[in-house]
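All remarks here apply to the structure that follows.
The values are calculated or read from the model by the stated rules, or taken from the named source; none is laboratory data. What you are looking at is a predicted structure, and each value in this text was computed from that prediction instead of being measured. All Cβ positions, even for glycine, are placed from backbone atoms using ideal geometry, and neighbour counts span all protein chains on display.
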Amino acid sequence: MTPSHMSTRREFLLAAGALALTVRPSSSHATTSMMQDAIRKVVGDAPINRGKVKLDLPPLIDNGNVVPLSVSVDSPMTPTDYVKAIHVFNEKNPQPNIVSVQLGPRAGRASISTRIRLADSQTVTAIAQLADGSFWQTTQDVIVTIAACAEEIS
Amino acid sequence: MARAVVTVPPRAKRGEIIEIRTLVGHRMETGFRHDSLGRPLARDIVTQFVCTYNGTEICRAELFPAISANPLFTFTTIAVESGTLEFKWTGDNNFALNETASITVE
């Protein structure tokens, strides 16, 4: 065997090892219970009501690396009645958090948008905290065809 | 060198709600990927974004690896007075970037 063969074989083994890491079962993925834990960290023991929050995500996502997301909350945004914070969570990325935004009455409207990564088809949750301390949430199911986060560099 | 783009309307009526769009050039390496040899790639993300309007904080965001590369963030504020909006991004590996925009309120 020539040295060049050796190096090719070594490279192959390294690549195979890398591949094995890639296809390792989804142990690095967050789970629904991890998401619940992350939500509880933010919300504490407070009850979470349904409604008021509007989550806007495309239902069918071609590329999970760049997913447009907007969240708006039905609130008058007055100095006494406003949205304090908006938190977005996911179930199946390696980490359950996506973004946490602190707002105030000077926002005028409780409306934010960004672009996110989604590793798999899953349910995305948006939670708003109001000035009176109440929490409101909404969820949306999305289908992702090309996953983000876990892809390897070749 | 990282670069940021912010879009703020140059003039607005007093009390008007204006939309602010921000975009910062950053690869947002998640820390969950590996290179071709299977070595983990260290996390390198923008972790925080803060916007102040004439010194008063109006919006703050905590970012996680689930935010796409070149983070885009849009939000709104009430045009209360003429002045300067300052945008500040901070992140891993001492990443820090500032940008300002001025607005005239009539």
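A few comments on the model shown:
- Whether a residue is hydroxyl-bearing (Ser, Thr, Tyr) and within 27 Å of A:ALA147 (Cα to Cα) was assessed, and A:SER113 passes this test.
- With respect to the conditions (1) within 24 Å of A:ASN93 (Cβ to Cβ); (2) in a strand (DSSP E or B), B:LEU85 lacks only one, and its number is (1).
- Here B:ARG27 does not fit the description of being within 13 Å of another protein chain (Cβ to nearest Cβ), part of a strand (DSSP E or B) and loosely packed, with under 15 Cβ neighbours inside 10 Å.
- Just one of (1) more than 10 Å from the chain's Cα centre (by Cα); (2) surrounded by fewer than 22 Cβ atoms within 10 Å (Cβ to Cβ); (3) at pLDDT below 95; (4) of a type outside the set (A, V, I, L, M) fails for A:SER113. It is (3).
- For the range A:47-90, filtering for residues that are more than 10 Å from chain B (Cβ to nearest Cβ), closer than 22 Å to B:SER68 by Cβ and β-branched (Val, Ile, Thr) leaves 3.
- Residues that are acidic (Asp, Glu) and assigned to a strand (DSSP E or B) were ranked within the range A:54-91; the one that is modelled with the highest pLDDT is A:ASP56.
- Scope the range A:64-84; condition surrounded by fewer than 21 Cβ atoms within 10 Å (Cβ to Cβ) and of a type outside the set (Phe, Trp, Tyr); matching residues: A:ASN65, A:VAL66, A:PRO68, A:SER70, A:SER72, A:ASP74, A:PRO76, A:THR78, A:PRO79, A:THR80, A:ASP81, A:LYS84
- Hits in the range A:123-154 (condition: touching a helix residue (DSSP H, G or I) at 6+ places or on another chain (Cβ under 6 Å) and modelled with pLDDT of 95 or more): A:PHE135
- Selected residue (criterion: farthest from the other protein chains (Cβ to nearest Cβ)) from residues of the range B:65-86 that are over 13 Å from the mean Cα position of the chain (by Cα) and not polar (S, T, N, Q): B:GLY83
- Annotation: of all residues in the range B:30-64 being outside any strand (DSSP E or B) and at the interface with another protein chain (Cβ under 7 Å from one of its Cβ atoms), the one that is surrounded by the fewest Cβ atoms within 10 Å (Cβ to Cβ) is B:LEU37.
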